[in-house]
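Chemist: My questions will all concern the structure given below.
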Amino acid sequence: MATEEDLGSYPGMTKWFSPRLLVWAAYRDVAAKIFGEYADRRTSQHLADPIPADPAQRKAFAERYDYSTEAQPGEPFWVDFAADLGDGFDSTYAIAYLLSADKLTGKGPAKEGIEGIRGLPGGHELPHGRLLLFGGDQIYPWPTREAYDERTFSPYALALPQSPTAPRRDVFAIPGNHDWYDGLNAFDDQFCRARAGRSQRLGRQFGNFQTCQHRSSFAIKLPHNWWIWAPTSSSTMCSTPASSIISRLSPTAWERMTSSSF
């Protein structure tokens with residue numbers, strides 16, 4: 001168990017009202033918009049993880065994150081979601097602690113899990129998700145490898161330590177604007193390590209969580225004919241390889257997406 005001295009070594013909340021931080025953040029934002037296209041990591045992702053030309057291999061590539069058989073007809077399949085999570089240890093760990101629980105329950109007696117969740121009726125249970133989806137801004141105020149370690153991965157590893165018996169929980173991350181400040185370099189290094197072991201689909205492990213994605217964009221096949229599509233979009237353009245994958249999966253859906261303001 002972490003001592004008070006150990007917890008004091010973790011970073012505090014980002015001081016958004018600090019004039020120095022606000023000026024520096026504005027500078028980084030402008031620099032990212034001006035030079036972002038030239039430092040765009042998605043080009044090297046595509047070169048290191050190319051889309052196959054063979055139709056059968058291309059289909060397998062598009063469906064490589066396949067969880068469609070992990071729930072029987074009529075059974076639920078749970079996905080956890082968290083976003084804006086790298087702001088400081090306290091808030092990140094609080095959310096990680098809830099997500100790490102085997103189940104969350106409403107008011108009333110509970111044998112296991114965390115009870116008394118506000119807004120959840122008594123007697124109801126929410127089991128943990130098979131997948132954990134990070135929805136953007138995994139780090140504040142700007143990305144470095146050390147910042148991801150301290151502000152993102154460490155709180156989650158403390159909340160759910162690695163276990164030899166508990167099933168691993170797979171993690172996918174969508175980059176937000178704060179992840180983009182260095183052209184996704186640190187994000188790619190931390191979340192897209194599965195490219196180094198493509199057949200095993202294993203990336204970085206932190207606690208009992210495991211990153212799985214090969215690039216910043218992905219498509220996850222869920223049970224009951226549901227999908228999670230995450231085409232990575234910078235401030236100027238959507239990823240061409242990502243659009244190729246989604247248009248391969250569903251040309252009609254891609255046409256609808258590109259005709260709307262997403």
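The values are calculated or read from the model by the stated rules, or taken from the named source; none is laboratory data. Model, not experiment: these values are computed from the prediction. FYI the Cβ positions are ideal-geometry reconstructions off the backbone, even for glycines, and counts take in every protein chain you see.
Chemist: Evaluate the following for THR69: is it surrounded by 13 or more Cβ atoms within 10 Å (Cβ to Cβ) and either at pLDDT below 75 or farther than 16 Å from CYS212 by Cβ (or both)? Even if it seems obvious, please write down each step before you answer.
Modeler: Values: surrounded by 13 or more Cβ atoms within 10 Å (Cβ to Cβ): no; either at pLDDT below 75 or farther than 16 Å from CYS212 by Cβ (or both): yes.
No, not satisfied.
Chemist: Against the definition (within 25 Å of LEU222 (Cβ to Cβ), at pLDDT below 90 and not aliphatic (A, V, I, L, M)), how does ARG198 come out, yes or no?
Modeler: Working: within 25 Å of LEU222 (Cβ to Cβ): yes; at pLDDT below 90: yes; not aliphatic (A, V, I, L, M): yes.
The answer is yes for ARG198.
Chemist: For residues that are more than 15 Å from SER154 (Cα to Cα) and modelled with pLDDT under 75, tally how many sit in the range 4-14.
Modeler: Number satisfying all stated conditions: 2.
Chemist: Please tell me if LEU99 is under 18 Å from the mean Cα position of the chain (by Cα), crowded, with 17+ Cβ neighbours inside 10 Å and aliphatic (A, V, I, L, M).
Modeler: Here the answer is yes, as LEU99 does meet what is asked.
Chemist: May I pose another question? Can ASP90 be described as surrounded by 15 or more Cβ atoms within 10 Å (Cβ to Cβ) and either out of contact with any strand residue (DSSP E or B) (no Cβ under 8 Å at 6 or more places or on another chain) or over 21 Å from SER217 (Cα atoms) (or both)?
Modeler: Considered against the rule, which asks whether it is surrounded by 15 or more Cβ atoms within 10 Å (Cβ to Cβ) and either out of contact with any strand residue (DSSP E or B) (no Cβ under 8 Å at 6 or more places or on another chain) or over 21 Å from SER217 (Cα atoms) (or both), ASP90 comes out as no.
Chemist: Here is a further query. Search the range 166-181 for residues being part of a loop (DSSP other than H, G, I, E, B) and more than 14 Å from the chain's Cα centre (by Cα), and hand back the single one that is nearest to LEU132 (Cα to Cα).
Modeler: Step by step, filter the range 166-181, then rank; the result is ARG168.
Chemist: So if I check each of GLY135, GLY129, which one is of a type outside the set (A, V, I, L, M, F, W, C), surrounded by fewer than 20 Cβ atoms within 10 Å (Cβ to Cβ) and in contact with a Leu (Cβ under 8 Å, 6 or more places away or on another chain)?
Modeler: GLY129
Chemist: Having 2 or more residues that are touching a residue at least 40 places away in the same chain (Cβ under 8 Å) and within 30 Å of LEU21 (Cα to Cα) is the bar; report the helices (runs of 4 or more DSSP H) wholly within the range 49-165 that clear it. Steps first, answer last, please.
Modeler: On the way: elements: 55-62, 89-100, 145-148, 154-159.
Ranges flagged: 89-100, 145-148, 154-159.
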